[in-house]
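Quick notes on the structure that follows.
The values are calculated or read from the model by the stated rules, or taken from the named source; none is laboratory data. Just so we're clear, the structure is a prediction, and the values are computed from it rather than from any experiment. Here the Cβ is made from the backbone with ideal geometry for all residues, glycine too, and neighbour counts use every protein chain on show.
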Amino acid sequence: MMLDPRITGRIQYAQDQHMPGMLHARILRSPYAHARIVSINTAAVPRDVVCLTRDDVTDLEPLYGPMVKDQPVVARERVLHVGDSVVAVAAPTLREAEAALEAVEVEYEEMTGVFDPVEAAGDSSPVLHESLDYPPDLRPDGRNVCHRFRLQSGLGEDGFAGADVVMEEAFSIAGAAHVPMEPHATLAYWEGGRLHVITGTQTPFNVRRDLAALFRLPEERVRVVVAPMGGSFGAKTFMRLEAVTAALARKSGRPVRAVLTRAEEFVTLNRHPARFRIRLGAKRDGTFVAKSVDAWWDTGAYADCGPSVCTKGGYAAIGPYRIPNVTVDSRCVYTNHPPAGAFRGYAATQGVWASERMTDLMANRLQMDPLELRLQNLLRDGDRFATGEILQDVRFADCLRAAAEMVEWGSDRKNKGLAVMLKGMQTPSRTGVALDIDAGGRVVVRSATTDMGQRPEPTQRALASQALGLPMEDIVVGPNDTDLVPFDTRTTSSRSTFMMSNAIREAAAELRRRIADRLEVASEDLVLDGEGAGVRGTPGRRVALSDLAGLRAEGSFATPGGLDPDTGQGVASSHWHQSAAAAEVTVDSETGVTTIKRLHTSVYAGQVVDRPGAELQNEGSTIFGIGTALLEAIEFADGQVTNGNLSDYEIPSILDVPDFTYDFVEGGQHAHGLGEMAVPVVPAAIGNAVAAAGYRMLDLPMTAERIVDARPAR
Amino acid sequence: MKIQVRVNKLPIELVSRTDETLLAALRRAGFQSVRLTCGIGVCGVCTVLIDGSPISSCLVLAPAAAGREITTTEGLADDDPVAVAFQEVSAFQCGYCTPGFVLTARALLAETPNPSDLEIRHAMAGNLCRCGSYLKITKAVRLAATRSRLDSN
């Protein structure tokens, strides 16, 4: 058996990329959360070390960012978070680069920082960004609020008048670290005025666009090659190391590689800490009448994709329920924390925690079975969600019932909890793909889907195989290089399998037409199989695929939509991610330690394309959810991360993971994304189970200390 | 300084400073399966076998490995039962931690040919997989154990 290069370790991640003459980069980072830079003195840096300061980027666009241009390549007048990049160096060895950082002198004048999103929006807070150019679809709103998403349906707040019972509660979710085992890594070089970047990214076309804008180049003069990633989970989205590495390469005239240290990972991009206040009104019989969601998202010093996080988390907190009157007010706020951005479970994790804990609190109040209360209110086929869109292909109840059954919900509810969610997919978005027949008679899939371990290669080969009728062995996936692949929005939000399946189907139909044209037969009469191309009913007429080398067909798929930021009306998602979880726990009343006795997730999978990949992604999602539920929180002290290493920041080890179960609800017309489905529901189900055991938890993570503090009075 | 070691059964001279880790020296010598992750010996990604025992190479100074037998996954035979089981079970996602798991599992099975699930979990507790492939990793180690036992019978 040929061993997989991931097993032998021979796979080349971005951090393993190498070029002759390459320099190694290191970054000098701010020790202050908020400070003015008085002076930067690099005189003591050795001559053969390239040193990049604010004075070296004055000819570039001053700021970049995927949604708000607010981030400089290196700090200009001020630093805005501990870990903000101030000076970057590149040297022949890492050791020399590290020594050079010691030789740089920076004088700071410390300023007051702000670390809470509600406080940051108040009148007495420092203003983090003086003047920004916001795009028209964002709603900056007062001090430090870079986006405010609002939704109203039905009578909104007035709808609570029709409720018999109204409950209100506050919830919080801590920031978390992605902890990809491979840190961020980028290699950049310039050749003939063209910028080449080899990088671990989920967003090659965003990176190309943003690099081109930053360096004031047409996009054709930027090439992004995506290396397989040693994990990402949202960490490697949008521009991270690419800008500073490219600027160092430009100044040095040499290839430059940057690889972050583990400590730097904790100040580069994290999950948004969030705070919610939820009001839920119901009739005495359990019918939901009105809900309001008030949410605050701490996006840190730079917005990154925070405005989209606050939108998606805002509507995710409504939950998959029929509620005639809804308001959402969700604010994305700058603070002096490190930036927060995309994180597996994208905003739904936070929203579902608040929403599904609230559902259980209401069930308690009404003295109803939490399963029955949910089933009574769940959205069904043809129902209208609060965004105004009509839902089709609805499986919430199937998922919820399957999960409940696995913990024997019907027998007793002691120490058990449930959760169910809806999560949107990136909408609008578009995907292109090309299928090439190469000289060896293989079909090459040209796709921008990036590889972070979710098995895109077998998935896309299987999709092309099904669509063309060719065996998997005849299909390969080409290199992921913006010079070679059609445009794709990005590999995020569990969208790629769904989007690519549609684009590949279209490309395959076109390729079949072109082959049929070449054979001068009708498309319906074309037969493709392991022997090549033939004609139905004419066994003599056959050509090998290698004789068709050079034929190429493209396919594309787009999902229109988007939400109005002021009313929340429109199309939030072209189709919905749907899942449920059930948990049974024991809680040690002395130590506060929660033990998961049973855990099941049930996920709407549509058509499963690559079963090992589907299973692995859902197992991984579940384990991410366990970490979020019980272990993971970035601890800050005045903006400084105090647990930025893998000893103090604990991710689940094999001993933290129980022998859990899951099932896929299969069917429907499409492949559905499966990359994140368990992440949001697992913490909420565990939280509801812990609550059923007598510990009324409102905040994530449910650490042993917090559980002890919530111990019921005896 | 120059350090004589055997890596994957071949004698090799590592060139290293005295204060450098074995991880850095091995990577410079071309053994790229050994990768830095936490740098403090808790994640197990940089695991190598030193005289058969799994060790975090980020914690070992290169000179301390002089004269020892080091195993990395570059030396895996194509029919290595642990590697084959990992592949058949698909016990990995991004693959970054996989060499460390495979080597730890090999060391476990050399000592304990018939481990219980709990023994597997305890042996693997020093290796972290952020993609969350633990269920399938346990399954792969179990499969490798079963096969090795059948072979030795």
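Exactly one of (1) more than 10 Å from chain B (Cβ to nearest Cβ); (2) outside any loop (DSSP other than H, G, I, E, B) is unmet by A:Ser621. Its number?
Of (1) more than 10 Å from chain B (Cβ to nearest Cβ); (2) outside any loop (DSSP other than H, G, I, E, B), only one is false for A:Ser621: (1).
Return the only residue of A:Gly555, A:Gly570 being closer than 23 Å to A:Asp137 by Cβ and either under 20 Å from the mean Cα position of the chain (by Cα) or of a type in the set (Gly, Ala, Ser) (or both).
Residue meeting the stated conditions: A:Gly570.
Kindly indicate the residue of the stretch A:40-74 that is among the aliphatic types (A, V, I, L, M) and closer than 22 Å to A:Glu110 by Cβ and also surrounded by the most Cβ atoms within 10 Å (Cβ to Cβ) among those meeting that condition.
For the stretch A:40-74, the residue satisfying everything is A:Val74.
Please go through (1) surrounded by fewer than 20 Cβ atoms within 10 Å (Cβ to Cβ); (2) in contact with a Leu (Cβ under 9 Å, 6 or more places away or on another chain); (3) modelled with pLDDT of 95 or more for A:Ser501 and return the number of the only condition it doesn't satisfy.
Of the numbered conditions (1) surrounded by fewer than 20 Cβ atoms within 10 Å (Cβ to Cβ); (2) in contact with a Leu (Cβ under 9 Å, 6 or more places away or on another chain); (3) modelled with pLDDT of 95 or more, the odd one out for A:Ser501 is (1).
Looking at (1) out of contact with any Pro (no Cβ under 6 Å at 6 or more places or on another chain); (2) touching a residue at least 60 places away in the same chain (Cβ under 8 Å); (3) outside the structural domain of A:Gly675 (by TED's automatic domain parsing), which is the only condition A:Ala533 fails?
Of (1) out of contact with any Pro (no Cβ under 6 Å at 6 or more places or on another chain); (2) touching a residue at least 60 places away in the same chain (Cβ under 8 Å); (3) outside the structural domain of A:Gly675 (by TED's automatic domain parsing), only one is false for A:Ala533: (2).
Taking the criterion of being of a type in the set (Asp, Glu), more than 11 Å from chain A (Cβ to nearest Cβ) and more than 19 Å from B:Val141 (Cβ to Cβ), would at least one residue in the stretch B:74-86 satisfy it?
Within the stretch B:74-86, not a single residue is of a type in the set (Asp, Glu), more than 11 Å from chain A (Cβ to nearest Cβ) and more than 19 Å from B:Val141 (Cβ to Cβ).
Can you tell me which residue within the stretch A:17-39, out of those that are within 30 Å of A:Ile198 (Cα to Cα) and in contact with a helix residue (DSSP H, G or I) (Cβ under 9 Å, 6 or more places away or on another chain), is surrounded by the most Cβ atoms within 10 Å (Cβ to Cβ)?
A:Ala25
I'd like the full set of residues that are under 33 Å from the mean Cα position of the chain (by Cα), under 30 Å from A:His18 (Cα atoms) and surrounded by fewer than 20 Cβ atoms within 10 Å (Cβ to Cβ), limited to the stretch A:75-100.
A:Leu94, A:Glu98
Where in the stretch A:367-484 are there helices (runs of 4 or more DSSP H), lying fully within it, with 2 or more residues that are farther than 24 Å from A:Arg223 by Cα and among the basic types (Lys, Arg)?
Passing ranges: none, list empty.
Quick check: is even one residue across the stretch B:70-81 surrounded by fewer than 20 Cβ atoms within 10 Å (Cβ to Cβ), farther than 25 Å from A:Ile651 by Cβ and touching a Leu at 6+ places or on another chain (Cβ under 7 Å)?
yes
Is there a residue in the stretch A:129-141 that is in a strand (DSSP E or B), at pLDDT 95 or above and touching a helix residue (DSSP H, G or I) at 6+ places or on another chain (Cβ under 6 Å)?
No; the residues of the stretch A:129-141 include none that is in a strand (DSSP E or B), at pLDDT 95 or above and touching a helix residue (DSSP H, G or I) at 6+ places or on another chain (Cβ under 6 Å).
Mind listing just one residue for me: the one in the stretch B:87-121 that is among the small types (Gly, Ala, Ser) and within 11 Å of another protein chain (Cβ to nearest Cβ) and, of those, nearest to A:Met452 (Cα to Cα)?
The extreme case among them is B:Gly95.
Quick one: which residue in A:Leu128, A:Leu132, A:Leu151 is of a type outside the set (S, T, N, Q), surrounded by 12 or more Cβ atoms within 10 Å (Cβ to Cβ) and closer than 18 Å to A:Gly568 by Cα?
Just one listed residue meets the conditions, A:Leu151.
Looking at A:Gly532, is it over 37 Å from the mean Cα position of the chain (by Cα), of a type in the set (Gly, Ala, Ser) and on the phi > 0 side of the Ramachandran plot?
Judged against the criteria, A:Gly532 is a match.
Restricting attention to the stretch B:1-20, which residues are over 23 Å from B:Arg106 (Cα atoms) and without any contact (Cβ under 8 Å) to a residue 60 or more places away in the chain?
Matches in the stretch B:1-20: B:Lys2, B:Glu13, B:Leu14, B:Val15, B:Ser16, B:Arg17, B:Thr18, B:Asp19, B:Glu20.
Since B:Arg121 meets every condition but one in (1) in contact (Cβ under 8 Å) with a residue 12 or more places away in the chain; (2) within 15 Å of the chain's Cα centre (by Cα); (3) within 28 Å of A:Glu182 (Cα to Cα), which condition does it not meet?
Just one mismatch for B:Arg121, condition (2).
Got at least one residue in the stretch A:598-609 being outside the structural domain of A:Asp659 (by TED's automatic domain parsing), out of contact with any Leu (no Cβ under 9 Å at 6 or more places or on another chain) and among the hydroxyl-bearing types (Ser, Thr, Tyr)?
For the stretch A:598-609, residues outside the structural domain of A:Asp659 (by TED's automatic domain parsing), out of contact with any Leu (no Cβ under 9 Å at 6 or more places or on another chain) and among the hydroxyl-bearing types (Ser, Thr, Tyr): absent.
Among (1) in contact (Cβ under 8 Å) with a residue 24 or more places away in the chain; (2) under 25 Å from A:Glu615 (Cα atoms); (3) not in a loop (DSSP other than H, G, I, E, B), where does A:Ala507 come up short?
With (1) in contact (Cβ under 8 Å) with a residue 24 or more places away in the chain; (2) under 25 Å from A:Glu615 (Cα atoms); (3) not in a loop (DSSP other than H, G, I, E, B) applied to A:Ala507, the lone miss is (2).
Please determine, by comparing only the residues of the stretch A:154-187 that are of a type in the set (Asp, Glu) and surrounded by fewer than 20 Cβ atoms within 10 Å (Cβ to Cβ), which one is nearest to the other protein chains (Cβ to nearest Cβ).
Per the stated criteria, the residue is A:Glu169.
What's the number of the condition A:Ala582 fails, among (1) touching a Leu at 6+ places or on another chain (Cβ under 6 Å); (2) in contact (Cβ under 8 Å) with a residue 60 or more places away in the chain; (3) surrounded by fewer than 24 Cβ atoms within 10 Å (Cβ to Cβ)?
(3)
For the stretch A:604-618, enumerate the residues that are away from every other protein chain (no Cβ under 14 Å) and among the polar types (S, T, N, Q).
Within the stretch A:604-618, just A:Gln607 meets the criteria.
State whether one or more residues within the stretch A:649-670 are surrounded by fewer than 21 Cβ atoms within 10 Å (Cβ to Cβ), hydrophobic (A, V, I, L, M, F, W, C) and within 12 Å of another protein chain (Cβ to nearest Cβ).
yes
Looking at the structure I just gave you, is B:Gly30 assigned to a loop (DSSP other than H, G, I, E, B), more than 9 Å from chain A (Cβ to nearest Cβ) and on the phi > 0 side of the Ramachandran plot?
So B:Gly30 passes the test.
I need the full set of residues from the stretch A:572-592 which are out of contact with any Ser or Thr (no Cβ under 9 Å at 6 or more places or on another chain) and part of a loop (DSSP other than H, G, I, E, B), in order please.
A:Ser589, A:Glu590, A:Thr591, listed by residue number.
Select from the stretch A:595-639 the residues that are of a type in the set (Val, Ile, Thr), surrounded by fewer than 24 Cβ atoms within 10 Å (Cβ to Cβ) and under 24 Å from A:Ala704 (Cβ atoms) and list them in ascending order.
Within the stretch A:595-639, A:Thr595, A:Ile596, A:Ile634 qualify.
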